[in-house]
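Asks: Structure incoming, see below.
The values are calculated or read from the model by the stated rules, or taken from the named source; none is laboratory data. On a predicted model such as this, the values are computed, not experimentally measured, just so you know. Every residue, glycine as well, gets a Cβ built from its backbone with ideal geometry; the counts of neighbours run over all protein chains shown.
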Amino acid sequence: MFLVFFVVPTFYGLGLSFTNSSGIVNKYSFVGIRNYINIFENDSVFHQALMNTLKFVVTVVIIQSLLSLVFALLLLRNTKTNIFMRTLYFFPTILSSVSVAFIWTFIYDPNIGILNEFLGFIGLGKLQQDWLGNPLIAIYCLAVVEIWAHAGQLMIIYLAGLQQIPNELYESAALDGANKWITFSRITWPMLAPATTIVVAYTTIQSFKMFDLIYAMTNGGPNNATEVLATYIYHQAFQYNHMGYAAAVSMIFMLIISLITLIQFGLLRLQSD
Amino acid sequence: MRFLRFSIIWIYALIIFIPLLVVIESSFKSLADLYTNPLLPSRQMNLAAYQTLISQVPLLHYFRNSFIVTVATIVIVLWCSSMIAFGILRLPRILSAIIYGVFSLGMMIPTQVNMIPVFLELSHLHIIDTLYGLIFVESAFLLPVAVFIIGGFMRTLQKELLEAAWIDGANEWQMFFRIAVPLSTPSIASAAIFCSVIVWNDLLFPLLLLKSSSNWTIPLALLSFEGQYQTNYPVIFAGVLLASIPMVVLYVFLQRYFIAGITAGAIKG
């Protein structure tokens, strides 16, 4: 079953990427690498989608990793409040992306959204705007939603990493009179390297693949400002029926992801040596 | 310093909590009420949005579909992945290395890459727009992660236990069912929770594979509200809340397993 529904499609996709199949009629011809040439030379939307994906990934990876580390450090001790807070921070992870998309579409709503209301309330009315309608910031607004939904999940990975650091290390550091910053930079941070690698690797891959949230919130708009690779493949294949072309984009997409995975595995190995 | 720490924790708690609260509150308002007063609760709160939703949308039917897909996928995935994990443990080295390799490759290929071929393949097999077609696909995509969660755990089991069973004359099946599976329950539970959250909430495959609305799962149905109710947030939020109930109930009761399961999936994936 794994073979039929997973391994076969991958190779099928590779073959398809060299054709001009439309997916509807069963007739298509072999076009060689023309799809790939078109993608790189003539397709401005592809370039836009690639850039949007990179913007999204970089924003999410940096902010989400930092936030989850800060939260893990702040909520490390097992007090009642902290345990409650961890549960709360983790909560959005279990909501479906469609639900999260609706919640945040409402928050960003230009007329009645609570973000604009809040800005007006604290006297920053100047900043009020149509958050998802502004092509310059829409993709970052989506990144914020992704961070809201998953920072708590990554916090748990950091917490697990923090709990594995032996207490003796901190005790001896305290004996040597190390201050908080030195303790963090000399003990906590190096000891957290494996957790950091997992968090960064996972966030990178997850945000690269992002589909559900963006499809449900902006569907690539306004004017392709939030079109990312995954939604672009979907639109090419199922809206314009350019199956062969979309398959070629998928292959490039896969290549990029494999490359990132390999680099990260390399870094991981470097660290463990 | 203490104050800073305290305020960061509480501010982020509010950032998580306020949107959720507003959603719950808005679902009890009328649209007009929401427009005049989006933030605060009002006196005219009622259940109108829920009534509209339930009378116009066969929500129970969508729940049923989601439930069938989720349960069937979990059963298939757990059944296959625990056997594969056991196989990797017990088979001769070369064979187990090959199986291990295939599944780790499977983890590296993102689902999004395969959406076109999966769609075409299911069309050729004439199982597009069926629940079991979706079940097969979801199962295939979750199998590698489950194999890694369960396999990683089985490897830590003590070899002596299996050897002792073998000396006592147990065959492979008995070793699997009587020893490996019962001892790996925590990891199997983790895998089950990880898979159920993913399948229950998945949008991409249902979107690709289910065309007729009688087959829709919950996320697809929710998405269709966007067109149907435009910006009628109260009705949409009533739907969001009802759709989230199963996972929220599970989360409240099985919190520890939930967090462990989703985290295990993230680390292995």
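Asks: In segment A:218-246, which residue that is touching a Ser or Thr at 6+ places or on another chain (Cβ under 6 Å) and at pLDDT 80 or above is surrounded by the fewest Cβ atoms within 10 Å (Cβ to Cβ)?
Replies: Narrowing segment A:218-246 to residues touching a Ser or Thr at 6+ places or on another chain (Cβ under 6 Å): A:218, A:220, A:226, A:228-229, A:233, A:241, A:243-244.
When the remaining residues are screened for being at pLDDT 80 or above, the result is A:218, A:226, A:228-229, A:233.
Working: A:Thr218: 22, A:Thr226: 26, A:Val228: 31, A:Leu229: 26, A:Ile233: 25.
Only one residue tops the list, namely A:Thr218.
Asks: Inspect all residues belonging to segment B:175-197 and state whether any of them is assigned by TED's automatic domain parsing to the domain that holds B:Val113, out of contact with any Cys (no Cβ under 7 Å at 6 or more places or on another chain) and on the phi > 0 side of the Ramachandran plot.
Replies: no
Asks: Under the condition of being in contact (Cβ under 8 Å) with a residue 24 or more places away in the chain and on the phi < 0 side of the Ramachandran plot, which residue from segment B:121-135 is surrounded by the fewest Cβ atoms within 10 Å (Cβ to Cβ)? Before you say what the answer is, go through the steps one by one.
Replies: Of segment B:121-135, the ones in contact (Cβ under 8 Å) with a residue 24 or more places away in the chain are B:122, B:128-135.
From what's left, on the phi < 0 side of the Ramachandran plot: B:122, B:128, B:130-135.
On the way: B:Leu122: 22, B:Ile128: 18, B:Thr130: 16, B:Leu131: 19, B:Tyr132: 11, B:Gly133: 22, B:Leu134: 27, B:Ile135: 21.
My answer is B:Tyr132.
Asks: Would you tally the residues in segment A:192-239 being in contact with a Leu (Cβ under 6 Å, 6 or more places away or on another chain) and within 20 Å of A:Ala72 (Cβ to Cβ)?
Replies: 2
Asks: Tell me which residues, restricted to segment B:19-29, are assigned to a helix (DSSP H, G or I) and more than 7 Å from chain A (Cβ to nearest Cβ).
Replies: Listed by number, the residues that qualify are B:Leu20, B:Leu21, B:Ile24, B:Glu25, B:Ser26.
Asks: State all residues of segment B:84-105 that are away from chain A (no Cβ under 12 Å), of a type in the set (A, V, I, L, M) and surrounded by fewer than 22 Cβ atoms within 10 Å (Cβ to Cβ); if no residue qualifies, say none.
Replies: The answer is B:Ile88, B:Leu89, B:Leu91, B:Ile94, B:Leu95, B:Ala97, B:Ile98.
Asks: For segment A:88-128, how many residues are more than 7 Å from every other protein chain (Cβ to nearest Cβ), touching a residue at least 24 places away in the same chain (Cβ under 8 Å) and out of contact with any Leu (no Cβ under 6 Å at 6 or more places or on another chain)?
Replies: Number satisfying all stated conditions: 3.
Asks: Still on this structure: All but one of (1) out of contact with any Ser or Thr (no Cβ under 8 Å at 6 or more places or on another chain); (2) within 11 Å of chain B (Cβ to nearest Cβ) hold for A:Phe208; which doesn't?
Replies: (1)
Asks: Could I ask something else about it? Identify, please: which residue in segment A:73-104 is farther than 23 Å from A:Met217 by Cβ and among the hydroxyl-bearing types (Ser, Thr, Tyr) and is, among those, nearest to the chain's Cα centre (by Cα)?
Replies: Of the residues in segment A:73-104, the ones farther than 23 Å from A:Met217 by Cβ are A:73-88.
Within this subset, residues satisfying the condition of being among the hydroxyl-bearing types (Ser, Thr, Tyr) are A:79, A:81, A:87.
On the way: A:Thr79: 31, A:Thr81: 29, A:Thr87: 22 Å.
Within segment A:73-104, the match that is nearest to the chain's Cα centre (by Cα) is A:Thr87.
Asks: Can you tell me which of (1) surrounded by fewer than 22 Cβ atoms within 10 Å (Cβ to Cβ); (2) of a type in the set (A, V, I, L, M); (3) at the interface with another protein chain (Cβ under 10 Å from one of its Cβ atoms) is the one B:Leu254 doesn't meet?
Replies: For B:Leu254, the failing item is (3).
For every residue, the table says whether it meets (1) outside any helix (DSSP H, G or I); (2) at pLDDT 80 or above; (3) in contact with a Cys (Cβ under 8 Å, 6 or more places away or on another chain); (4) over 23 Å from A:Leu69 (Cβ atoms).
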position	(1), (2), (3), (4)
A:Lys126	no, no, no, yes
A:Gln129	yes, no, no, yes
A:Ala143	no, yes, no, no
A:Trp148	no, yes, no, no
A:Leu162	no, yes, no, no
A:Glu168	no, yes, no, no
A:Glu171	no, yes, no, no
A:Ile182	no, yes, no, no
A:Arg186	no, yes, no, no
